[in-house]
Amino acid sequence: MDSKQTSVERVGIDELLEQVRAEYERIGPRETAAAAAEGALLVDIRYAALRERDGLIPGALVVERNELEWRLDPLGSHRAPEAVSHDLPVVLICNEGYASSLAVASLRQLGLRRATDLIGGFQAWRAAGLPVDLRVTGSTE
């Protein structure tokens, strides 16, 4: 190995998820609803087809995963109006709670120290009987 190369530790995705999740406390559906009631920003990072199929959590900000860092960085030029502070409590929601964990790690690197995610994602929210807005699919619940 020459002096310009560095050694990179290789880990599988399961080990990476375990490492990432050890850095913060994840929350369940009822805790997520309570956090939202106390002012936390819920952010749905699912792609459009899943939102159209399953609906939305009322009040959640939709930011697809590929735009997340740009939209939630309070110092960023493309930030969402809701991204007001590095101290903002943020709960990320993906479909089943995997992609959101990796996204939390990225937001924490940007200084969003209160970022967390919903254990089990949108599917856990729905299974808990919490409100879902199906108007995006033409249905109502």
Fill in the blank from the handout: For Val43, the net charge from surrounding residues (Cβ-Cβ under 12 Å; K, R +1; D, E -1) works out to -3
Problem - 0 to 90° range, to nearest 10: angle between helix 99-109 axis and the chain longest Cα axis - result: 60 degrees
Exercise for the section: Tally the DSSP beta bridges in the range 7-141 and give the antiparallel ones as a percent, rounded to 5. Expected result: 10 percent
Problem - Net lengthening on full extension, Tyr98/Ala37 (0.36 nm per residue, minus Cα-Cα) - result: 19.6 nm
Handout entry: Rounded D (µm²/s) - the range 1-77, Kirkwood Rh over Cα pairs, Stokes-Einstein at 37 °C, 0.692 mPa s
Key = 207 µm²/s
Problem - Extension gain, Glu52 back to Glu25 (0.36 nm per residue minus Cα-Cα distance, nm) - result: 6.8 nm
Handout entry: Percent RCO, i.e. relative contact order, over the chain, from Cα pairs under 8 Å lying at least 6 residues apart
Key = 28 percent
Completion exercise
Quick shape summary for the chain, equivalent ellipsoid via Cα gyration tensor, semi-axes whole Å in descending order, reads 28, 17, 15
Handout entry: Test item: Cα-centred dipole of the chain, Lys/Arg +1 and Asp/Glu -1 on Cβ, debye
Key = 160 debye
Exercise for the section: List the residues whose amide H sits under 5 Å from the amide H of Ile57, counting only those 5 or more places along or on another chain, with H placed 1.01 Å from N in the peptide plane. Expected result: Asp133
Completion exercise
Per residue, accessible area of the chain with a 1.4 Å probe, heavy atoms of protein chains only, in Å², comes to 59 Å²
Problem - Under the Karplus curve 6.51 cos²θ - 1.76 cosθ + 1.60, θ = phi - 60°, whole-Hz ³J(HN,Hα) for the range 44-51, x wherever Gly or Pro sits - result: 8, 9, 5, 7, 3, 4, 5, 5
Problem - Carbon/sulfur fraction of accessible area - the chain, other protein chains in place, 1.4 Å, % - result: 50 percent
Fill in the blank from the handout: A chain fully extended from Arg135 to Leu110 at 0.36 nm per residue, minus the present Cα-Cα distance, gains in nm 5.6 nm
Completion exercise
Counting sequence-distant residues (5 or more places) and residues on other chains, those with an amide H built under 5 Å from that of Leu42 are Leu61, Val91
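The values are calculated or read from the model by the stated rules, or taken from the named source; none is laboratory data. Values in this document were obtained by computation on a predicted structure and should not be read as measured data. Note: ideal-geometry Cβ built from the backbone for every residue, glycine included; neighbour counts use all protein chains shown. Areas reflect the complete protein model, heavy atoms only, side chains present, ligands, DNA and RNA absent. Shrake-Rupley method; radii C 1.70, N 1.55, O 1.52, S 1.80 Å.
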